[in-house]
Amino acid sequence: MARRIVVLPGDGIGPEVAAPAIEVLNAVAPGELEFEEHVFGGASIDAHGVALTDQTLAACRGADAVLLAAVGGPKWDSTDPSRPRPEQGLLGLRKGLGLFANLRPVRPVPALYDASPLKHEVIDRTDLLVVRELTGGIYFGEKTRDEDSASDACVYTRAEIERIARVAFGAARSRVSSVDKANVLETSRLWREVVRQVHGAEFPNIELEHVLVDNAAMRLVAAPRHFDVILTENMFGDILSDEAAMLTGSIGMLPSASLGGDGPGLFEPVHGSAPDIAGNGEANPLAMFLSGALMLRHGLSLGEQAAAVESAVDRALAGGLRTKDLGGDATTAEATQVVLNHL
Ligand code: NAD
Ligand code: IPM
Ligand code: MN
């Protein structure tokens, strides 16, 4: 029976990279996947007044996997807290599906070393995984706003830290670098304590180090090869993963998988809706293709097909494929065709 995938193209370049990803997935698993599209984010605000409708959330819950492109854009940007925002849809979906574990693999391919602003010898053989806590912390704490002040509460419970720590240690080959700000934040001191306990009790054979987030940001570009798994809380993970993306040459290369609920996983590129290039047909679709590969592997247990997509992307790049963000002039459509040819 075909697997049911809810596709949420979203806004900006979202639909421009979602459509080719469906083509690639259909090519690698013909007849095995059934796609059902729903408006989401800003497009859903325009159509229904909210970024994520109950029907869309229910459809996602009932699917085998959710493939999301990107949301947001200047049309819906506002500093008025009473206005709906596209990003609320994304946060509601992550929370609604219980997806507390966001995995962001960063594996620069040698063919793209030239596209990175960093030196070859710095990025060479980097192969790291950011494990970002996705449903807690400052993103989800209570918010207040009045005329003269505003606040965002950052809260973590022991149980939330334990479960994400287990994911990180479970994914590590040699070392977990737990990133926090324990010299300042109470949540970070609890984080450090709980991570240390989980390590001692369950994963003594994995090396554990604690790194302060400012230092981690520096080391990520100074010596990225040092890292195996970076375990961190929601906002630090958001920021560090965009930084890590530049090791691969472009944010347009980085996929992610969000897991941990008892229903489907969510698969989406790390990049946003790129309003500055939306509509030009020049978006790099590779992060979206690679997110599709993560969906095949982690969401649908189609590991062979996942590897086929990843290999086609690698060979396309080795053959010289470069979209604009990578310093070339291939359009989204051309990049898609090259990857399809390699499949
Ligand atoms: P962005 O990731 O959309 O863009 C940052 C820069 O990277 C831009 O110059 C953009 O052109 C470039 N870029 C991003 N993806 C690219 C791709 N696939 N190919 C080529 N170039 C690419 O971040 P931003 O500009 O800060 O945010 C724009 C909007 O996207 C905001 O509304 C933000 O909230 C939203 N956003 C959404 C998601 C998501 O849906 N998961 C993630 C990040 C940002
Ligand atoms: C990401 C994005 C989102 C986040 C925004 C759009 C809410 O930046 O997926 O990295 O901060 O998690
Ligand atoms: Mn982000």
Item to check | Tabulated pairs, the stretch 56-67, first among the β-branched types (Val, Ile, Thr), second open to solvent by 20 Å² or more (accessible area, probe 1.4 Å), C-beta under 8 angstrom, 6+ apart or interchain | outcome: Thr56/His38; Thr56/Val39
Checklist entry - Can you list the strands (runs of 3 or more DSSP E) found entirely within the stretch 124-178 that contain at least 1 residues being surrounded by 20 or more Cβ atoms within 10 Å (Cβ to Cβ), aliphatic (A, V, I, L, M) and over 23 Å from the mean Cα position of the chain (by Cα)? => result none
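Tell me, yes or no, whether the stretch 43-55 has at least one residue that is more than 27 Å from Val130 (Cβ to Cβ), within 16 Å of ligand 2 (Cβ to nearest atom) and modelled with pLDDT under 95. Give the steps one after another, and end with the answer.
Step one: filter the stretch 43-55 for residues more than 27 Å from Val130 (Cβ to Cβ), giving 43-50, 53-55.
Still in the running and within 16 Å of ligand 2 (Cβ to nearest atom): 43-45, 50.
From what is left, the residues that are modelled with pLDDT under 95 are none.
No, the stretch 43-55 contains no residue that is more than 27 Å from Val130 (Cβ to Cβ), within 16 Å of ligand 2 (Cβ to nearest atom) and modelled with pLDDT under 95.
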Checklist entry - Is it the case that some residue within the stretch 123-141 is within 14 Å of Leu231 (Cα to Cα) and without any contact (Cβ under 8 Å) to a residue 60 or more places away in the chain? => result no
Checklist entry - Considering the stretch 15-55 alone, what residues qualify as being of a type in the set (Ser, Thr, Tyr) and either in contact (Cβ under 8 Å) with a residue 40 or more places away in the chain or outside the structural domain of Phe267 (by TED's automatic domain parsing) (or both)? => result Ser44
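Can you tell me which residue is nearest to ligand 2 (Cβ to nearest atom) among those in the stretch 56-88 that are of a type in the set (Asp, Glu) and within 19 Å of the chain's Cα centre (by Cα)? Don't jump to the end; show me each part of the working.
Just the residues of the stretch 56-88 that are of a type in the set (Asp, Glu), to begin with: 64, 77, 80, 87.
Retained after the next criterion (residues that are within 19 Å of the chain's Cα centre (by Cα)): 64, 87.
Working: Asp64: 22, Glu87: 4 Å.
So the residue we want is Glu87.
Residue-wise test of (1) away from ligand 1 (no atom under 12 Å from the Cβ); (2) of a type in the set (Phe, Trp, Tyr); (3) in contact with a Phe, Trp or Tyr (Cβ under 7 Å, 6 or more places away or on another chain); (4) within 19 Å of Gly137 (Cα to Cα).
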| position | (1), (2), (3), (4) |
| --- | --- |
| Val211 | yes, no, no, yes |
| Val221 | yes, no, no, no |
| Asp228 | yes, no, no, no |
| Asn234 | yes, no, yes, yes |
| Ile239 | no, no, no, yes |
| Glu243 | yes, no, no, no |
| Met246 | no, no, no, no |
| Ile251 | no, no, no, no |
| Pro264 | yes, no, no, no |
Next on the checklist: Let me confirm something: among Met246, Met235, Met253, which residue is within 16 Å of ligand 2 (Cβ to nearest atom) and more than 22 Å from Pro117 (Cα to Cα)?
Outcome noted: Met235
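The values are calculated or read from the model by the stated rules, or taken from the named source; none is laboratory data. None of the values given here were measured: they were computed from a predicted structure. Cβ sites come from the backbone with ideal geometry, for glycine too, and all protein chains shown count toward neighbours. Note: accessible area is taken over every heavy atom of the protein model, side chains too, but ligands, DNA and RNA are not part of it. Shrake-Rupley method; radii C 1.70, N 1.55, O 1.52, S 1.80 Å.
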